[in-house]
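First up is the structure itself, then whatever we jot down about it.
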Protein chains: 2
Amino acid sequence: MKFIFINKKPMQSFAQKYITLAKIFIFYRNFSIFLSVLFSANLVPQVKKYTLRDIAKELNISASTASRALHDNPRISALVRRQVKELAKSMDYQPDFRAMSLRRGSGRTIGVLLPQVDRYFFASVLRGIDEISTEEGYNVLICQSYESLQKEEDLARSLLNGRIDGLLASVSIETRVGPHFEQYVSKGLPLVFFDRALDYLKVSKVVLDDYKGAYQAVQHLIDSGCRRIAHFAGPGHIEIYANRAGGYIDALTKNGIQVDPELIFSGVITQEAGCRAMKRLMEMGVKFDAIFSSGDYSALGAMVCAQQNGIDIPRDLSIIGFSNEPFGALIQPTLSSIDQHALEMGRQAATLLISEINLKNKNQTVFPRKIILDPQLVIRNSTR
Amino acid sequence: MKFIFINKKPMQSFAQKYITLAKIFIFYRNFSIFLSVLFSANLVPQVKKYTLRDIAKELNISASTASRALHDNPRISALVRRQVKELAKSMDYQPDFRAMSLRRGSGRTIGVLLPQVDRYFFASVLRGIDEISTEEGYNVLICQSYESLQKEEDLARSLLNGRIDGLLASVSIETRVGPHFEQYVSKGLPLVFFDRALDYLKVSKVVLDDYKGAYQAVQHLIDSGCRRIAHFAGPGHIEIYANRAGGYIDALTKNGIQVDPELIFSGVITQEAGCRAMKRLMEMGVKFDAIFSSGDYSALGAMVCAQQNGIDIPRDLSIIGFSNEPFGALIQPTLSSIDQHALEMGRQAATLLISEINLKNKNQTVFPRKIILDPQLVIRNSTR
DNA sequence: GTGAAAGCGCTAACAG
DNA sequence: CTGTTAGCGCTTTCAC
């Protein structure tokens, strides 16, 4: 560990500070070099944070008038309105969100609870949500469960504390039941699931038609001449994975191909798991000419493993994934997959949630709805 | 567009509702089929949201006692503390964040303003931030500028409205000056930049040693025998890209290789731009045996373009990127790159910000610091 | 048109 | 140990 002083001036007066600094540095990982630049201390005069009262006092009006003026209340004279707005701008007045939200009972904020944003699918959904929320003047509060039920419960509960007007959620891989979500229903807070939904809860959902996507994928494999099609399934208790398995089974049977349980592997959604499943397939010595995987990552694992064993894709083996992650277009061969319209899913979910919030605010009954998006088969070079 | 009714019961009573529903559907894109399921109306009795006063009344104590009990104030008797906590739990009491934050003057919330989360680098930084913030009991408010200065300004200003105790920011590609950030300084709100920082602002920063990373990358190319090394530079006004270009130039000169301006392309950070630059290189008819790109996406564009033109990588041409995006390990050949320690950058930035918030709360002077992380050369198969 | 006053839910000073 | 009171900054009756 190394410290470099850039500041050329004698540091005498800063010595004390620096000791604290050095202590803090001890926490840092040793793969990094820390170059600590001690700028001149920030002695900018602390500007007061202005409130409505400050504006009011300045103009010799009351706070309520100032408030009304800023909100373009027609009962306030045009002159006062202009004065207030101008002063507010020149003072760089920022209304206190908390006070406003507390008083009004709503802060125009929606919560988003999802497993993690560092997956392209979820990041895209988020973008769709962001788009609509911004249009509608809503703020978005994002929480990541990192696939942990414990964290999900904590977050769901703490989001309940008055900060949000409604919740968009996609459950963690560990979640099977959702008492922490039922609270939203019983407190009358709109809740909309997207993608990974809890089937039994009577709330709105926006999901992909996973069954159809799987069916199309498998039909595509069959059409291109495959007959012995293996399936990498996800955890069975999550609806979307169950539906993908259902589509797989139905596509086979409808085409007069018998379902071979030996060819179905459960809980395979990571690259490593995909690789392991591929190895097992080869060791078993069974015949197979295609894999339909519930996810792109496990498809990738299988593909890499197959290639390492001299299997040519798609000549000897066709592989199709699910999700259409961007890397699918970059690998060799490019990966066929099912696109989930993530952006649109986010837009729909946000639109639905906001409409439910509006209904609720008008004291109208909210009827849970289910919006099912149509999957899109993306054929690339990993299938024939 | 198609509607399918799953509900088998006569829909008479829902007809009116359905008209509204149908109208909403008009907004939906036509690539999707919407399957609208009308569940039975949600008639769960609306549970009241409990306040401290409800708890207090129930136990015949005052609200302040209840508040103190929940906060484990030692002045409250153990008995009362237990009673309050138990009742709170059984009523599923959730403190109102807004009221607490308003009264206390702090809601233990930090804001994060970044270009977009649907890039792995930023998502990873976010994860690091999330980790530390959670540990320290802070909430995180995420805002995306989508590389738009306008949006960045709006967000920076609206974040100023009392909701946050400090801001972590990475500026948009359009940002050259930051009056919207200077406000934080003048209002005494801690501000820490990460990765894309505004150089002239005297605030804390956590960045990668881009110069060093670039130098190492180019040195690696030289060591492996390359002499005519092209550079895809980013927008010059952003410090990190300028530093990468600096490292490139210095590595060449220190090794006695003359810098050829013809081999330097500016503003090349997307896949398309990388492809265009590659084409131009080939058309120019100049000799070149390597490319050092400021980003992985532009490196990818060059690689694909080169391969399409029968250039073998790394035999005929070495390519090295910057960022170590995950796709680099998946493409053929795998892409050499510079890892930016995104997760660690997030951790450091959050740690630094929180320490500044604490200092400020103790009315101590905050000295801006600059933490420079050490880059890591990741050698894969796109270089020799 | 505008102001005074009350209060959203919580906490902190001041009493006792 | 606990209650009373005041007030964070805003909006919203209810007056005039």
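The values are calculated or read from the model by the stated rules, or taken from the named source; none is laboratory data. A quick note: this is a predicted structure, and the numbers were derived from the prediction, not measured. Virtual Cβ from ideal backbone geometry, glycine too; neighbours counted across all protein chains shown. In case anyone asks, the SASA skips ligands and DNA or RNA and just uses the protein heavy atoms, side chains included. Shrake-Rupley method; radii C 1.70, N 1.55, O 1.52, S 1.80 Å.
Summary table below
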{"quantity": "Reference-scaled alpha-carbon Rg (2.2 N^0.38 Å with N residues) for region A:99-195", "calculated": "1.05"}
{"quantity": "Mean shadow area of region A:210-339, taken as a quarter of the surface of its Cα convex hull (nm²)", "calculated": "6.8"}
{"quantity": "Whole-Å distance, taken between Cα centres, linking region B:89-161 and region A:286-311", "calculated": "41"}
{"quantity": "Shortest-first nm distances, residue A:80 label point to equivalent points in other copies (7 Å, Cα→Cβ)", "calculated": "4.5"}
{"quantity": "Members of region B:306-343 that become less accessible by 20 Å² or more once partner protein chains are added (1.4 angstrom probe, chain alone as reference)", "calculated": "B:327, B:330, B:331, B:332, B:341"}
{"quantity": "Distance histogram for region B:133-274 (every C-alpha pair counted, 10 angstrom bins, percent rounded to whole numbers)", "calculated": "11, 34, 27, 18, 9, 1"}
{"quantity": "Percentage relative contact order, region B:147-289, counting C-alpha pairs under 8 Å, at least six apart", "calculated": "19"}
{"quantity": "Distance-filtered residues of region A:361-384 - backbone nitrogen under 19 Å, label point 7 angstrom along residue A:254 Cα→Cβ", "calculated": "A:372-379"}
{"quantity": "For residue B:267, residues with placed amide H under 5 Å, excluding near neighbours", "calculated": "B:233, B:234, B:236"}
{"quantity": "Other copies of residue B:202: label-to-label distances in nm, shortest first, labels 7 Å along the beta-carbon direction", "calculated": "6.4"}
{"quantity": "Pairwise FRET efficiency - residue B:86 versus residue A:312, Cβ, R0 = 56 Å, nearest 0.05", "calculated": "0.25"}
{"quantity": "Measure of compaction for region A:318-384 (Cα Rg per 2.2 N^0.38 Å)", "calculated": "1.64"}
{"quantity": "Descending semi-axes in whole angstrom, ellipsoid equivalent of chain A, from the Cα gyration tensor", "calculated": "51, 32, 18"}
{"quantity": "Residues in region B:361-384 that, when all protein chains are in place, have 50 Å² or more less accessible area than the chain alone would give (probe 1.4 Å)", "calculated": "B:367, B:368, B:369, B:370, B:372, B:374"}
{"quantity": "In degrees, nearest ten, helix B:271-284 long axis to first principal axis of chain B (Cα)", "calculated": "10"}
{"quantity": "Cysteines, chain B, no other Cys beta-carbon under 4.7 Å", "calculated": "B:143, B:226"}
{"quantity": "Accessible area buried, both sides summed, chains B and A with 1.4 Å probe, Å²", "calculated": "8000"}
{"quantity": "Computed FRET value (nearest 0.05) for residue A:280 with residue B:186, which takes r as the C-beta separation and R₀ as 60 Å", "calculated": "0.40"}
{"quantity": "Length added when fully stretched, residue A:106-residue A:161, from 0.36 nm per residue minus Cα-Cα", "calculated": "18.6 nm"}
{"quantity": "Of all accessible heavy-atom area on chain A, the percent that carbon and sulfur account for (1.4 Å)", "calculated": "52"}
{"quantity": "The protein assembly as shown - Kirkwood radius from inverse mean 1/r over Cα pairs (Å)", "calculated": "29.1"}
{"quantity": "Inter-site label distance for residue B:364 and residue A:200 at 7 Å from Cα along Cβ, in nm", "calculated": "5.2"}
{"quantity": "Angle between chain B longest axis and helix B:342-361 axis [Cα atoms, degrees, rounded to 10]", "calculated": "50"}
{"quantity": "List of region A:89-124 residues, accessible area with partners at least 50 Å² below that of the chain alone (1.4 Å probe)", "calculated": "A:92, A:94, A:97, A:98, A:102, A:118"}
{"quantity": "C-alpha long axis of helix B:149-158 to longest principal axis of chain B, angle in °", "calculated": "30"}
{"quantity": "Candidate residues B:212, B:49, B:254: accessible-area rank, largest first, probe 1.4 Å", "calculated": "B:254, B:49, B:212"}
{"quantity": "Links that overshoot a 23 Å alpha carbon limit, given the list A:85/B:151; A:360/B:49; B:205/B:360; A:205/A:254; A:202/B:48; A:151/B:89", "calculated": "A:205/A:254"}
{"quantity": "Across the identical copies, how the residue A:64 labels are spaced - nm, sorted shortest first, 7 Å along Cα→Cβ", "calculated": "2.9"}
{"quantity": "Value at 222 nm in deg cm²/dmol, rounded to 500, when DSSP H runs of n ≥ 4 in the protein assembly as shown each add -39,500 (n - 2.57)", "calculated": "-13000 deg cm²/dmol"}
{"quantity": "Whole-number percent relative contact order across region B:220-310, with pairs defined as alpha carbons under 8 Å at least 6 apart", "calculated": "38"}
{"quantity": "Residues of the protein assembly as shown: accessible area per residue with a 1.4 Å probe, Å²", "calculated": "44"}
{"quantity": "Part-to-part distance (alpha-carbon centres) for region B:335-352 and region A:317-339, which is given in Å", "calculated": "29"}
